[in-house]
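Since every read-out is calculated from the coordinates, none of them should be taken as a lab result. Here the structure is a predicted model, which means the values were calculated and not measured. Note that each Cβ is placed from the backbone with ideal geometry, even for glycine, and that neighbours are counted across all protein chains shown.
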Amino acid sequence: MAKEKIKSTGTCKYCGSIRMVNAAAEMTQTELDAIASEECDCEMAKKERNKEEQKEIATANIKLLIGEKHPKAAEGLTQMIPFIQEFAFTELTVKLNEVSKVQMKMNERGSIIISKTDTIKDTVGE
């Protein structure tokens with residue numbers, strides 16, 4: 001049986017505005033407030049939604065670039081995304097093996113860039 005939806009109120013944790021939200025009847029006030037915060041149009045709520053979208057895109061790009069061959073490195077790099085978002089690091093470089101490294105940084109437009117470099121080294125002589 002489908003859960004009954006009701007109109008209720010929640011408070012945005014960023015700006016304090018009270019909003020009408022569609023919710024399941026059994027939701028707690030904390031859950032209602034979370035929905036209100038996610039749906040609010042205030043600048044902080046928009047910024048938080050942007051950060052979450054940015055994290056999702058960066059996670060997908062990490063998986064695409066190195067996830068299959070280096071799943072543990074991909075997991076570790078994904079966990080570091082918030083540090084790049086908060087400018088704790090300007091960039092992060094992980095050496096995957098002797099020839100490959102992956103770098104994550106924020107560009108000037110505010111997008112997280114993931115790049116992988118493979119170096120081929122030719123040596124002649126003893």
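Quick look at the values:
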quantity	calculated
Unit Cα scatterers, Debye sum, the range 25-73: log10 I(q)/I(0) for q = 0.16, 0.18 Å⁻¹	-0.63, -0.69
Whole-number Å³ per residue for the convex hull built on Cα positions in the range 49-118	77 Å³
Cα-centre dipole for the range 85-126 with unit charges at Cβ (Lys and Arg positive, Asp and Glu negative), debye to 20	160 debye
Using θ = phi - 60° and Karplus 6.51 cos²θ - 1.76 cosθ + 1.60, couplings along the range 113-126 (whole Hz; Gly, Pro as x)	9, 10, 9, 10, 10, 10, 10, 9, 10, 9, 10, 10, x, 9
Cα-centred dipole magnitude for the chain, charges only on beta-carbon of K, R (+1) and D, E (-1), debye, nearest 20	80 debye
Vicinal HN-Hα couplings computed from phi for the range 38-55 (Karplus, 6.51 cos²θ - 1.76 cosθ + 1.60; Hz; Gly/Pro x)	5, 9, 5, 9, 5, 4, 5, 5, 4, 4, 5, 5, 4, 4, 5, 5, 4, 5
Which listed pairs, of 46/116; 46/105; 51/95; 7/46; 47/69, have C-alpha distances above 29 Å, in listed order	46/116; 47/69
Under 5 Å, built H, 5+ apart or other chain: amide partners of residue 17	12
More than 24 angstrom apart: percent of Cα pairs within the chain	50 percent
Which of 21, 124 has the fewest Cβ neighbours within 10 Å, and the rest in rising order	124, 21
Size of charge dipole - the range 49-118 - debye, nearest 20, with Cβ of Lys, Arg +1 and Asp, Glu -1, no other charges	40 debye
Mean separation of Cα contacts under 8 Å, 6 or more apart, over the residue count of the chain: relative contact order %	14 percent
